[in-house]
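> Quick one: this structure, given as structure tokens, is what I'll be asking you about.
The values are calculated or read from the model by the stated rules, or taken from the named source; none is laboratory data. Quantities reported herein were computed from a predicted structural model and do not represent experimental measurements. Methodologically, a virtual Cβ is constructed for each residue, glycine included, from the backbone with ideal geometry; neighbour enumeration extends over all protein chains shown.
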Amino acid sequence: MEFFSDVRTYLEINHETVLESLVQHIWLALLPVAISFVLALPLGWAVVRYGWLKHPILTLSSVIYTIPSLALFLALPAIIGTSILDPLNVVIALTLYSLALLVRTTADGLASVDQQVVEAATAMGYKPARRWFTVELPLALPVIMAGLRITTVANVSMVTVSALIGIQSLGQLFTRGFQLGFYAPPIVIGLVLSVLLALLADSIIVLVQRLVTPWARVGGAR
Amino acid sequence: MIEFDDVTKQYPDGTVAVGNLSLTIPTGAITVFVGPSGCGKTTSLRMINRMIDPTSGTIRIDGKDVTAQDPALLRRSIGYVIQHAGLFPHRTVVDNVATVPVLTGLSRKEARKRAYELLERVGLTTGMADRYPVQLSGGQQQRVGVARALAADPPVMLMDEPFSAVDPVVRDSLQQEFLRLQGELGKTIVMVTHDIDEAIKLGDNVAVFAEGGRLAQLAGPEDLLANPADDFVAGFVGRDRGFRGLSFAASADLPVEPVDTEVEGLRLAVDDAGRPTGWTGHGRALPTEGSWSAGDSLRAVTDLAILSPAGAAVRVDADGRADGLVRHATVAEFVRVRQLERLSGTDG
Amino acid sequence: MNDGILSFLLDATNWQPGNNDGFVNRTIEHLGYSATALVIAFVVAFPLGLLIGHTNRGAFLAINLGNAGRALPTLGVVMLVLAIVGVGLTPVTVALVVLAIPPILTTTYAGMRAVSGATVDAARGVGMKEWQIVFQVELPNAWPIVFGGLRNAALQVVSTATLAAYVGLGGLGRYLFDGLALRDYPRVVAGAIVLAVLAVVVDLVFSLVQRLVVSPGVDGRASRGPRRGSNAPAALTASEDVPDVADDAPTPGGVGMDKAPRKSL
Ligand SMILES: Nc1ncnc2c1ncn2[C@@H]1O[C@H](COP(=O)(O)OP(=O)(O)OP(=O)(O)O)[C@@H](O)[C@H]1O
Ligand SMILES: [Mg+2]
């Protein structure tokens, strides 16, 4: 088919740019996930520990989550004084989105831990900090990891939007297709690579989850 | 009258849940399906209102084949009480109860009026009417389930383990109220349970099911205890069936001795009004542990005789005055003669 | 730069309803594109979701569409649709409809499936016809989840309608893309702020409608507080609660992946 040969031709000419975009895309998508994961743990803990924090933090999260990403990419420079073309804007915006989602899942996960198990651990002599890291957090992980999967997949897809303001990522394949008069090959290449990347990242998280929560696999095929 | 005529239900996976069931359920009485788990009780019950259609055979209600009727319309004419109540979470209590009247075309206002009456009838305060099911206890939900099934005043009620989800104390009070209600309403009731005691307590007729929906015995509760059809039924009915059978035996014909008879060195003490206060003798005062009256069962009398320090149960009249004594030995002889007559009667 | 943004936002001429390039007109355009697409997507996806949810036939379609919808980048989908259908208002609307269908279909299906089997059985047992079961029992109990999908679809459409301006149409995207082209950053940021506010307001409106539609018996409002034993009608007491965005916001953790929100553009 003509379309496939067009795709091949496009790749032959542009494979270096495509590869560069892919690498940059991975950075822009995954760095925010890592940062927000680290930040979400203490925040989620605080939300569960101090009841009065729950309402303000979760309301703020949901408002942040509501803001269109393009609007946030463009408004951030005015708030933090970066240049409008700075990839940092994308990293910060995606970190905010990821954090908004992960705080909630972390809190949900921690709240879902069976209180009897926690009491049993206390009765056995665990001190609070150790109990949190070795009992509560591991038991909350399946829920937290579910949130992590959603965030990661969403980020991979959202990074493409930054192409509209001229930041390099797989999204540039879409704007390129537009500039070439809605020429389909780069658009399709971008779509395929982006979806593959999302699936790959998702599979890796699932794999890690299996390794770190072996108990969830054995009995619980509900 | 509900008739099962050679009814078989085989599920697509090959399980024969009900096999060649023939059974007649009389009008205006409580018939209980009882049997071990998985023996096809629920399947049999649900074939009556066509929640399940039989593979072969026919079920008739008052002579009419149920499969000849539109399932939805049929179901509106049959009350159905489900285990755990199965209330609609999105509707208030009163609207849950009003469901069927509204479906059959009553105005919402009238349906609610009727629902309020029914809620009172099953022992719920009107204050609960505007709550949602999540705001009720299990026992209260169960009552709402019964009220909902009664709302269209259906002649037939199907109940699948209606009292199984509550604790024994609540269950007992629900059962008592259920019997009182049935005394007023006289519905044709088919109830499923796996608790033989509940079956004996509530059923006018008890149908004992064995594996594969085979009917092992259909009998009145007393008869079931006294004459189980086979080893399966005897085993299922369980221990103490002789003693439990005394629940159905009247005490009216028991020979009593005068109240002032000395029993094993003890004498009954009474107050000025003639009410029993205790046993005295051997220089001591001992309690009576309760009394019985003419309407009580032989089981109650036997129990009192066992508890009494004199080995004699005290009978009282309607005003609570002691008017007779019965010793264990007398009860034992009475039961022996009765059983002899029963068994000779069934043999001959 | 911030002064520029503020003066752009406060400039009265930018708020005159008659001004073609004013906020009022651009917002109306923006909401017009969004509403059209949302209504079409709803008309297509909602009945289909009800049908699939009630019969459980074709469930794979609902589930896979939801998963694919989450992994596909919005921008790419829109560009591809435009590359296939052409440029103009209709292709943009088609692209927005394509985006809004998966969340509505998937959550309608998921909401219907989440209704307890015992409840549906009871509905059949009291003699409801199939359509009565769907509309009187399943849907009222499914609303909280279905609304999650509707809100998510609305947000995505409002966000993505920005692209209409990228291909030469109107809407709030004009401020962003015109501003970028002219290097007029106050214009860009002001547009971004108005767009963000619009999205938040749309979400708030949906959450208020949700309060009105969803029975307190199913969204947790009725079980809140020690209401057992009190005689206060739940519906009355519940309506005193202020609407809180947080409680209806995306909750991916507890629910299955198929009900989780999607975020892009
Ligand atoms: N939909 C179905 N498909 C296949 N087999 C079924 C189905 N429903 C019930 N069965 C089987 O039919 C048999 C009878 O089931 P039924 O529910 O009538 O039992 P039951 O007497 O009510 O039991 P329990 O006391 O546990 O409620 C069981 O072996 C059950 O596994
Ligand atoms: Mg059963």
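> Kindly list the number of the only condition in (1) in contact (Cβ under 8 Å) with a residue 24 or more places away in the chain; (2) assigned to a helix (DSSP H, G or I); (3) closer than 22 Å to C:Leu80 by Cβ that fails for A:Ile205.
Among (1) in contact (Cβ under 8 Å) with a residue 24 or more places away in the chain; (2) assigned to a helix (DSSP H, G or I); (3) closer than 22 Å to C:Leu80 by Cβ, A:Ile205 violates only (3).
> Another question, if that's okay. Do we have B:Gly14 as assigned to a loop (DSSP other than H, G, I, E, B), within 16 Å of ligand 2 (Cβ to nearest atom) and either in the same structural domain as B:Gly213 (by TED's automatic domain parsing) or within 26 Å of B:Arg121 (Cα to Cα) (or both) here?
Here the answer is no, as B:Gly14 does not meet what is asked.
> Separate question: C:Ala122 versus (1) touching a helix residue (DSSP H, G or I) at 6+ places or on another chain (Cβ under 7 Å); (2) facing chain B (nearest Cβ under 10 Å); (3) small (Gly, Ala, Ser): which is the lone unmet condition?
Checking C:Ala122 against (1) touching a helix residue (DSSP H, G or I) at 6+ places or on another chain (Cβ under 7 Å); (2) facing chain B (nearest Cβ under 10 Å); (3) small (Gly, Ala, Ser), the one that fails is (1).
Rundown of residues vs (1) more than 14 Å from chain C (Cβ to nearest Cβ); (2) touching a helix residue (DSSP H, G or I) at 6+ places or on another chain (Cβ under 9 Å); (3) more than 16 Å from ligand 2 (Cβ to nearest atom), yes/no style:
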{"site": "B:Ile25", "(1), (2), (3)": "yes, yes, yes"}
{"site": "B:Gly35", "(1), (2), (3)": "yes, yes, no"}
{"site": "B:Thr43", "(1), (2), (3)": "no, yes, no"}
{"site": "B:Ser56", "(1), (2), (3)": "yes, no, yes"}
{"site": "B:Val66", "(1), (2), (3)": "no, yes, yes"}
{"site": "B:Gln83", "(1), (2), (3)": "no, yes, no"}
{"site": "B:Pro89", "(1), (2), (3)": "no, yes, yes"}
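> Can you tell me how many residues within region A:111-140 are within 14 Å of chain C (Cβ to nearest Cβ) and surrounded by fewer than 16 Cβ atoms within 10 Å (Cβ to Cβ)?
Looking only at that region, the number is 1.
> Another question, then. Quick one: would you say A:Pro42 is in contact (Cβ under 8 Å) with a residue 40 or more places away in the chain, more than 14 Å from chain C (Cβ to nearest Cβ), out of contact with any strand residue (DSSP E or B) (no Cβ under 9 Å at 6 or more places or on another chain) and of a type outside the set (Phe, Trp, Tyr)?
Against the criterion (in contact (Cβ under 8 Å) with a residue 40 or more places away in the chain, more than 14 Å from chain C (Cβ to nearest Cβ), out of contact with any strand residue (DSSP E or B) (no Cβ under 9 Å at 6 or more places or on another chain) and of a type outside the set (Phe, Trp, Tyr)), A:Pro42 does not qualify.
> Please go through (1) of a type in the set (Val, Ile, Thr); (2) over 20 Å from A:Ser62 (Cβ atoms); (3) more than 8 Å from every other protein chain (Cβ to nearest Cβ) for C:Val157 and return the number of the only condition it doesn't satisfy.
Tallying (1) of a type in the set (Val, Ile, Thr); (2) over 20 Å from A:Ser62 (Cβ atoms); (3) more than 8 Å from every other protein chain (Cβ to nearest Cβ), C:Val157 fails exactly one: (2).
> Out of everything in region B:136-170 that is closer than 14 Å to B:Val81 by Cβ, among the charged types (D, E, K, R) and more than 16 Å from ligand 2 (Cβ to nearest atom), what residue ends up being nearest to the other protein chains (Cβ to nearest Cβ)?
Only one residue fits best here, namely B:Arg148.
> B:Ala29: among the small types (Gly, Ala, Ser), surrounded by 19 or more Cβ atoms within 10 Å (Cβ to Cβ) and either within 11 Å of ligand 1 (Cβ to nearest atom) or in contact (Cβ under 8 Å) with a residue 60 or more places away in the chain (or both), yes or no?
Details: among the small types (Gly, Ala, Ser): yes; surrounded by 19 or more Cβ atoms within 10 Å (Cβ to Cβ): no; either within 11 Å of ligand 1 (Cβ to nearest atom) or in contact (Cβ under 8 Å) with a residue 60 or more places away in the chain (or both): yes.
In short, no.
> Away from every other protein chain (no Cβ under 12 Å), over 21 Å from the mean Cα position of the chain (by Cα) and surrounded by fewer than 22 Cβ atoms within 10 Å (Cβ to Cβ): which single residue out of B:Arg108, B:Arg121 fits that description? Please lay out each step first, then the result.
Details: B:Arg121 fails: over 21 Å from the mean Cα position of the chain (by Cα).
Being away from every other protein chain (no Cβ under 12 Å), over 21 Å from the mean Cα position of the chain (by Cα) and surrounded by fewer than 22 Cβ atoms within 10 Å (Cβ to Cβ) holds for just one of B:Arg108, B:Arg121, which is B:Arg108.
> Oh, and also: Looking at B:Ala152, B:Ala165, which is the one that is in contact with a helix residue (DSSP H, G or I) (Cβ under 8 Å, 6 or more places away or on another chain), in a loop (DSSP other than H, G, I, E, B), within 16 Å of ligand 1 (Cβ to nearest atom) and not β-branched (Val, Ile, Thr)?
Answer to the selection: B:Ala165.
> Going through region B:135-165 one residue at a time, which ones are crowded, with 19+ Cβ neighbours inside 10 Å and among the aliphatic types (A, V, I, L, M)?
Listed by number, the residues that qualify are B:Leu136, B:Val144, B:Val146, B:Ala147, B:Ala149, B:Leu150, B:Ala151, B:Ala152, B:Val156, B:Met157, B:Leu158, B:Met159.
> Continuing with this model, one more query. Output the number of the condition that B:Leu45 fails; it satisfies all remaining conditions of (1) assigned to a helix (DSSP H, G or I); (2) more than 15 Å from ligand 1 (Cβ to nearest atom).
All conditions pass for B:Leu45, except number (2).
Residue-wise test of (1) under 24 Å from B:Thr126 (Cβ atoms); (2) at pLDDT 90 or above; (3) within 13 Å of ligand 1 (Cβ to nearest atom); (4) in contact with a Gly (Cβ under 9 Å, 6 or more places away or on another chain).
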residue: B:Val170; (1), (2), (3), (4): yes, no, no, yes
residue: B:Leu174; (1), (2), (3), (4): yes, no, no, yes
residue: B:Gln182; (1), (2), (3), (4): yes, yes, no, no
residue: B:Thr188; (1), (2), (3), (4): no, yes, no, yes
residue: B:Asn205; (1), (2), (3), (4): no, yes, no, yes
residue: B:Val208; (1), (2), (3), (4): no, yes, yes, yes
residue: B:Glu211; (1), (2), (3), (4): no, no, yes, yes
residue: B:Arg214; (1), (2), (3), (4): no, no, yes, yes
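> Can you spot a residue in region B:191-213 that is within 16 Å of ligand 2 (Cβ to nearest atom), among the β-branched types (Val, Ile, Thr) and assigned to a helix (DSSP H, G or I)?
Yes; the residues of region B:191-213 include at least one that is within 16 Å of ligand 2 (Cβ to nearest atom), among the β-branched types (Val, Ile, Thr) and assigned to a helix (DSSP H, G or I).
> Report yes if some residue within region A:151-167 is closer than 16 Å to A:Ala198 by Cβ, among the hydroxyl-bearing types (Ser, Thr, Tyr) and at the interface with chain C (Cβ under 8 Å from one of its Cβ atoms); otherwise report no.
Yes, region A:151-167 contains a residue that is closer than 16 Å to A:Ala198 by Cβ, among the hydroxyl-bearing types (Ser, Thr, Tyr) and at the interface with chain C (Cβ under 8 Å from one of its Cβ atoms).
> When C:Gly127 is evaluated against the numbered criteria (1) assigned to a helix (DSSP H, G or I); (2) over 21 Å from C:Val214 (Cβ atoms), which criterion, by number, is the only one it fails?
For C:Gly127, the failing item is (1).
> Now for a different question. Going through region B:272-326 one residue at a time, which ones are acidic (Asp, Glu) and in a loop (DSSP other than H, G, I, E, B)?
Of everything in region B:272-326, those that are acidic (Asp, Glu) and in a loop (DSSP other than H, G, I, E, B) turn out to be B:Asp272, B:Glu289, B:Asp296, B:Asp317, B:Asp319.
> Being surrounded by fewer than 20 Cβ atoms within 10 Å (Cβ to Cβ), closer than 29 Å to A:Ser61 by Cβ and more than 8 Å from every other protein chain (Cβ to nearest Cβ) is the requirement here; does C:Val205 meet it?
Criteria met by C:Val205.
> Scan C:Ser7, C:Ser34 and give me the residue that is closer than 18 Å to C:Val188 by Cα, assigned to a helix (DSSP H, G or I) and touching a residue at least 60 places away in the same chain (Cβ under 8 Å).
Just a single option satisfies the conditions, and that option is C:Ser7.
> Residue under question is A:Thr59, and the condition is that it be buried (at least 21 other Cβ atoms within 10 Å of the Cβ), part of a helix (DSSP H, G or I) and within 8 Å of another protein chain (Cβ to nearest Cβ); does it hold? Reasoning before the result, please.
On the way: buried (at least 21 other Cβ atoms within 10 Å of the Cβ): no; part of a helix (DSSP H, G or I): yes; within 8 Å of another protein chain (Cβ to nearest Cβ): yes.
The answer is no for A:Thr59.
> Follow-up. What residue, among those in region B:12-22 that are in contact with a strand residue (DSSP E or B) (Cβ under 6 Å, 6 or more places away or on another chain) and at negative phi, is farthest from ligand 1 (Cβ to nearest atom)?
Applying the first criterion (in contact with a strand residue (DSSP E or B) (Cβ under 6 Å, 6 or more places away or on another chain)) to region B:12-22 yields B:16-22.
Applying the additional criterion that residues be at negative phi yields B:16-19, B:21-22.
Details: B:Val16: 8, B:Ala17: 3, B:Val18: 7, B:Gly19: 11, B:Leu21: 11, B:Ser22: 17 Å.
So the residue we want is B:Ser22.
> Here is a further query. Sort through A:Leu22, A:Leu11, A:Leu39 and tell me the only one that's in a helix (DSSP H, G or I) and more than 22 Å from A:Leu148 (Cβ to Cβ).
Exactly one residue qualifies, and that residue is A:Leu11.
> Going through A:Leu110, A:Leu164, A:Leu173, A:Leu85 one at a time, which residue ends up being closer than 30 Å to A:Val7 by Cβ, out of contact with any Leu (no Cβ under 7 Å at 6 or more places or on another chain) and part of a helix (DSSP H, G or I)?
Being closer than 30 Å to A:Val7 by Cβ, out of contact with any Leu (no Cβ under 7 Å at 6 or more places or on another chain) and part of a helix (DSSP H, G or I) holds for just one of A:Leu110, A:Leu164, A:Leu173, A:Leu85, which is A:Leu173.
> Return the pairs, sorted by first residue and then second, in which the second residue is more than 16 Å from ligand 2 (Cβ to nearest atom), the first residue lies in region B:36-62 and is basic (Lys, Arg), the beta carbons are less than 6 Å apart, and the residues are 6+ apart or on different chains.
Listed pairs, sorted by first residue: B:Arg50/B:Val66; B:Arg50/B:Pro71; B:Arg50/B:Leu74; B:Arg60/B:Glu3.
> Of the residues B:Ala250, B:Ala199, B:Ala273, B:Ala269, which is within 25 Å of B:Thr31 (Cβ to Cβ), of a type outside the set (D, E, K, R) and more than 16 Å from ligand 1 (Cβ to nearest atom)?
One residue alone meets the criteria, B:Ala250.
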